[in-house]
């Protein structure tokens, strides 16, 4: 069995165990829990189409949550790029062109993280001003 086949085989096992088997097990566990522990009884008490208690119903709050989720997703993407660049630097084996490419990728990922953090800070600041009005 070649090394490529071994890597492929163990990758399939990893994908099955952690991406298929575990979520299926958790879904079965969640389905067997009583309804009261899930919070659905509180949501259903309000009726169809009603917002559960404690949920902000205004448009600026909803837009702020969407922007925050988008910025969090961008932060995760830049973090993954940073980790990938670090791994590619470690695997460069002394080749200067690959090392420089990885360094450039790390610099770009750090700049991307700075931009995302600045955008989040601006959004939080502006959102705080509009929530006071």
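The values are calculated or read from the model by the stated rules, or taken from the named source; none is laboratory data. Computed from a predicted model, the values in this text were never measured in an experiment. Quick reminder, even Gly has a Cβ in these numbers, built from the backbone with ideal geometry, and neighbours come from all protein chains shown.
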Query raised in the report: Given the residues 9, 78, 18, which is the only one that is outside the structural domain of residue 109 (by TED's automatic domain parsing), modelled with pLDDT of 75 or more and in a helix (DSSP H, G or I)?
Result: 9
Query raised in the report: What's the number of the condition residue 80 fails, among (1) surrounded by 13 or more Cβ atoms within 10 Å (Cβ to Cβ); (2) within 21 Å of the chain's Cα centre (by Cα)?
Result: (1)
**Report entry** Which listed residue is within 24 Å of the chain's Cα centre (by Cα) and modelled with pLDDT under 90, from 47, 86, 64
**Finding:** 64
